[in-house]
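The values are calculated or read from the model by the stated rules, or taken from the named source; none is laboratory data. Predicted model only: the values in this text are computed from it and were never measured. With ideal geometry, Cβ positions are generated from the backbone for all residues, glycine too; neighbour counts draw on all protein chains shown.
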Amino acid sequence: MRIAIYGAGSLGTILGAFISKGGVAVELINRNKAHVDALQKDGARVVGTMQFAQQVVAYTPDEMNGQYDIVFLMTKQQHNREVVQMLKGYLAPDGVLVTFQNGLPEVQIAEALGEEKVLGCTVAWGATMLSPGVCELTSAPDALSFSLGSISEKRSKHFAKVKELLELMGTVDVEENFLGTRWSKLLINASFSGMSAVLGCTFGEAASPRASRRIVQALIKECIDVCKVGGIRIEPVQGKDIVKLLDYNNSLKRAFSFFIIPIAIRKHAKLKASMLQDLEKGKLTEVDAINGAVSEYGRKVGCPTPMNDKVVEIIHSIEQGKLKPGFDNLSCFNNL
């Protein structure tokens, strides 16, 4: 069985290191030649909340050959149509593509491959690439978990193998209500990643001050509200019912929600949004697939999302050089 991680950046490199450490052959593929060269020479070096080095197999996309039974897709979504069409030629006839991307990518990918060849996975941990070959795990070791599911009623024959591979790193929850799982991850990304990118800080730093926490709370509330209107049941995250903890319909529950936000994110307090990492490198972000997805669904079901709309606007302004990440951007929310 051939297994590849396509787009092996910080998350993919760490996952590949764990899989390789577990004795399973996996190929790490990345366009960043300096990163690939470092992986080939010194292996994957994991630092942060866990520390180890692991020899891995790595190369660039133009060195790919043959067909794969399982491809873990961990690229950004901006070029999904082209990337998925390319990978289609490398999938075995009964192969499966497992997308780890943010937002709601499964439907678009299934249009190219067919629902039975697509699995979706969300991760409840984060990482940052510090330098070529060196990736920092920023979440606590007991937060290393995955949620795995499918939008197809018929599961791929490789479903059990994918689960087994992920379990080499952490716990895996198989989700029957995978759309609800996707929304629980999207809620976290829209609120904490969105504000991390807007403010130029970690999740914990966005959740601590009262002024920024107010925006985080409002972003969470909008996600919960659009799902209620759309009839989507948001799934728990790592056993915690985030709707029960963070939703509110009176002043007492609102105060409790506000109080618990920094506690709810404490295991991931050091996490720095990938959108912020992109902004720091001068790259375009996935904000349209994150906060933009909340806004788009809100328009579809007739539920206003002014806070998510504003995050999209701010991040696009940063991409265009009109603003910079920083707490000064809180003033953009003053009239909302």
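Numbers below:
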read-out: Enumeration of residues in the stretch 240-252 that are over 15 Å from ASP225 (Cα atoms) and at pLDDT 95 or above; value: SER251, LEU252
read-out: Cβ-Cβ under 6 Å pairs, at least 6 apart or on other chains, the stretch 44-62 side closer than 16 Å to GLY9 by Cα and without any contact (Cβ under 8 Å) to a residue 40 or more places away in the chain, far side hydroxyl-bearing (Ser, Thr, Tyr) and not in a strand (DSSP E or B); value: GLN54/SER20
read-out: Helices (runs of 4 or more DSSP H) lying entirely in the stretch 140-250 (those with 2 or more residues that are buried (at least 19 other Cβ atoms within 10 Å of the Cβ) and not assigned by TED's automatic domain parsing to the domain that holds LEU113); value: 178-188, 194-199, 203-207, 210-230, 242-246
read-out: Which numbered condition LYS310 misses (of (1) surrounded by fewer than 21 Cβ atoms within 10 Å (Cβ to Cβ); (2) among the basic types (Lys, Arg); (3) touching a Leu at 6+ places or on another chain (Cβ under 9 Å)); value: (1)
read-out: Subset of the stretch 64-114 that is part of a helix (DSSP H, G or I) and in contact with a strand residue (DSSP E or B) (Cβ under 8 Å, 6 or more places away or on another chain) - its residue that is surrounded by the most Cβ atoms within 10 Å (Cβ to Cβ); value: ILE109
read-out: Test: MET275 is assigned by TED's automatic domain parsing to the domain that holds ALA197, within 30 Å of THR49 (Cβ to Cβ) and either touching a Ser or Thr at 6+ places or on another chain (Cβ under 9 Å) or modelled with pLDDT of 95 or more (or both); value: yes
read-out: In the stretch 120-139, residue surrounded by the most Cβ atoms within 10 Å (Cβ to Cβ) [restricted to those that are β-branched (Val, Ile, Thr) and in a strand (DSSP E or B)]; value: THR122
